[in-house]
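Enquirer: Next up is a structure, given as structure tokens.
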């Protein structure tokens, strides 16, 4: 009965008296039921994930991902409504079993990331089970985007945070020396003018800025109407943009340490700079889009006639 109810056209129609059609009512009931069961089964995981967003500043931007995903669904509502609902039981059940295997692994070996990633896989499996491959394929980028809400596993975090911290220190030293500041570096500790020590701690590695910039870059790339390669360039370029903005923030903090006070510098680093860097990164992204638009030619546009500058020669009679 469920198969018959959800295999019809994915259009929510209304009858003559203004009520939803029987198919739409059954579809909504099935979706609500599955959402309730999933929420009940993963309630502890979702609560733990929310606490992680509040506790760890590096991944606090992850709480924006579900809201942005809902916005993406609203943008794609017409394309999704035009797709036909043909449940894919084989693929959906296979993906659901994979998700539960990952969750079991996380429970047995105390690996929280596996449980959190299994939640995203369950959502994808339910889409495949209820809506089928047509809707699933149209939602593929939104489903992949949901993985960004999960904090990185500990090992991956350490592999990324260490090099980011070192690059932030080395890049800041290079820029400060270019501006004539005497700097000496010992690991991640920078000494300014042989007097003022400035430690680039793990919290200054820029991982928080990196995760936030990637989410913003994906949002901008999804919303703009550009070729796929330009969108890919925009997303991947968010990594060097985040690193560059973090270096600029550390350099500005070091200058304030020299010419102001440590209280002013720390307040700038933790408060003002964090607010300024995000608009700066967005400006970098739109500057990239503008440059790529200037460097590429749309073959679909008709060629414009050349403008002749100069006087016309009189015709001979």
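The values are calculated or read from the model by the stated rules, or taken from the named source; none is laboratory data. Because the structure is predicted, anything quoted here is derived from the model rather than measured. Cβ placement follows ideal geometry from the backbone for every residue including glycine, while neighbour counts extend to all protein chains displayed.
The rows are residues; the columns are (1) crowded, with 16+ Cβ neighbours inside 10 Å; (2) under 30 Å from residue 199 (Cβ atoms).
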position: 94; (1), (2): no, no
position: 109; (1), (2): no, no
position: 116; (1), (2): yes, no
position: 170; (1), (2): no, yes
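Enquirer: Inside segment 74-92, can you point out the residues that are more than 23 Å from the chain's Cα centre (by Cα), assigned to a helix (DSSP H, G or I) and surrounded by 13 or more Cβ atoms within 10 Å (Cβ to Cβ)?
Expert: 91, 92
Enquirer: Out of everything in segment 139-164 that is within 11 Å of residue 72 (Cβ to Cβ) and touching a residue at least 40 places away in the same chain (Cβ under 8 Å), what residue ends up being nearest to the chain's Cα centre (by Cα)?
Expert: 145
Enquirer: Then there is this: Tell me, yes or no, whether segment 125-135 has at least one residue that is at pLDDT 85 or above and surrounded by fewer than 18 Cβ atoms within 10 Å (Cβ to Cβ).
Expert: Yes, the conditions are met somewhere in segment 125-135.
Enquirer: Out of curiosity, is residue 68 modelled with pLDDT of 90 or more and either in a helix (DSSP H, G or I) or out of contact with any strand residue (DSSP E or B) (no Cβ under 7 Å at 6 or more places or on another chain) (or both)?
Expert: yes
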